[in-house]
Amino acid sequence: MAGSQAHLRGIPVLFVRHGQSANNVLWESLMEKITKENVPRSEVERLWGEVHIDDPDLTKKGADEAVQLGNYIRGGLDWLGRTLRFYTSPFKRTLDTTDNITKAFSKEQYDVLVHPQIYETGGVYYINKQNLRDGPGKCFSRPDIERLYGYDASALPAEGPWYASGWESDSQSRERANGVSNWIKSAEFRELNENKIVVF
């Protein structure tokens with residue numbers, strides 16, 4: 001799990017990648033097999049389709065990484081005198097990362113908002129019968145997230161799975177990322193997060 005920090009006109013912003021997920025382990029294992037056996041790309045997608053999980057859990061290592069990061073962040077908070085605002089993806093691995101980071105804090109020290117535009121390129125997908133990435137895959141709904149995590153998921157659709165599109169292309173992902181980037185630089189974002197430490 002990696003993190004980086006930026007300051008947006010006095011608002012500290014931390015960018016955190018989710019902890020190790022079940023798919024990360026499956027992909028590494030598949031890559032090892034492919035390297036040893038010189039498997040063609042078309043076969044890679046077929047094999048990935050057999051093992052890939054649409055919305056995977058964190059591994060124990062991933063959960064431990066998140067707990068460690070929470071403790072690390074907590075150690076640097078006292079002098080700042082601010083509360084934390086988490087913006088998290090609706091992916092299960094990201095929600096679980098957030099859940100494990102926040103174990104280091106009391107409920108009064110943070111809040112969590114689930115943001116519908118913060119997610120990994122591709123979206124929630126599966127591999128179809130033609131060995132192509134397709135979607136939507138199986139994922140949580142807003143009521144699932146609210147019930148399981150207690151996070152503010154009001155920005156998500158009220159019914160159905162949060163992700164309802166097909167495989168997201170790189171160009172679509174860049175367009176979405178530009179929208180999020182512009183929002184982070186906006187006066188609205190500064191107003192919403194004044195005197196907070198923001199964690200994406």
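The values are calculated or read from the model by the stated rules, or taken from the named source; none is laboratory data. Fair warning: this is a prediction, and the values are worked out from it, not measured in the lab. Counting neighbours? That spans all protein chains shown, and the Cβs are built from the backbone with ideal geometry, glycine included. Keep in mind that these areas ignore ligands, DNA and RNA; they rest on the heavy atoms of the full protein, side chains included. Shrake-Rupley method; radii C 1.70, N 1.55, O 1.52, S 1.80 Å.
Build a GNM of the chain with springs between Cα atoms under 10 Å apart, and of Thr102, Thr94, Thr59 the one that fluctuates most is Thr59.
Under a Gaussian network description of the chain, with springs only between Cα atoms under 10 Å, the residue in Asn23, Asn100, Asn38 that fluctuates furthest is Asn38.
Database remark: amide H of Tyr126 closer than 5 angstrom to the amide H of Asp134, Gly135, Gly137 (H placed geometrically; neighbours at sequence offset of 5 or more, or on other chains; Pro and chain starts carry no H). Only Cα pairs under 8 Å and 6+ residues apart enter the sum, and on that basis the relative contact order of the range 77-200 stands at 31 percent.
Across q = 0.18, 0.23 Å⁻¹, the range 94-197 modelled as identical point scatterers on its alpha-carbon atoms has Debye log10 I(q)/I(0) values of -1.06, -1.34, in the order of the q list.
Electrostatic bookkeeping for Ser173 treats Lys and Arg as +1 and Asp and Glu as -1; over the other residues with beta carbon under 13 Å from its beta carbon, the sum is -1. With all protein chains in place and ligands, DNA and RNA left out, the 1.4 Å accessible area ranks Glu159, Glu194 as Glu159, Glu194, largest first. Each listed q (0.15 Å⁻¹) maps to a log10 I(q)/I(0) for the range 1-159 from the Debye sum over equal C-alpha point scatterers, namely -0.88.
Across the range 192-197, rounded Karplus estimates of 3J(HN,Hα) from the backbone phi angles (6.51 cos²θ - 1.76 cosθ + 1.60, θ = phi - 60°) give 5, 10, 4, 6, 10, 9 Hz, Gly and Pro being marked x. For the residue pairs Lys92/Lys129; Lys103/Lys185; Lys60/Lys185, the alpha carbons lie more than 31 Å apart in Lys60/Lys185.
Accessible surface calculations at 1.4 Å, restricted to protein heavy atoms, place the chain at 55 Å² per residue. Note on the chain: with a GNM built from Cα contacts shorter than 10 Å, the maximum mean-square fluctuation among Arg147, Arg82, Arg133 falls on Arg147. Could you tell me whether the range 61-121 comes out rounded, prolate or oblate from its Cα gyration tensor? Rule is a ≥ b ≥ c as square roots of the eigenvalues, rounded for a/c under 1.5, then prolate if a/b exceeds b/c, otherwise oblate. It is oblate, given that a/c is not under 1.5 and a/b is not larger than b/c.
Quick one: check the C-alpha center-to-center distance for the range 169-200 versus the range 42-96, whole angstrom. The two parts, judged by their Cα centres, are 19 Å apart. The accessible surface of the chain, taken with every protein chain in place and a 1.4 Å probe, is 50 percent carbon and sulfur.
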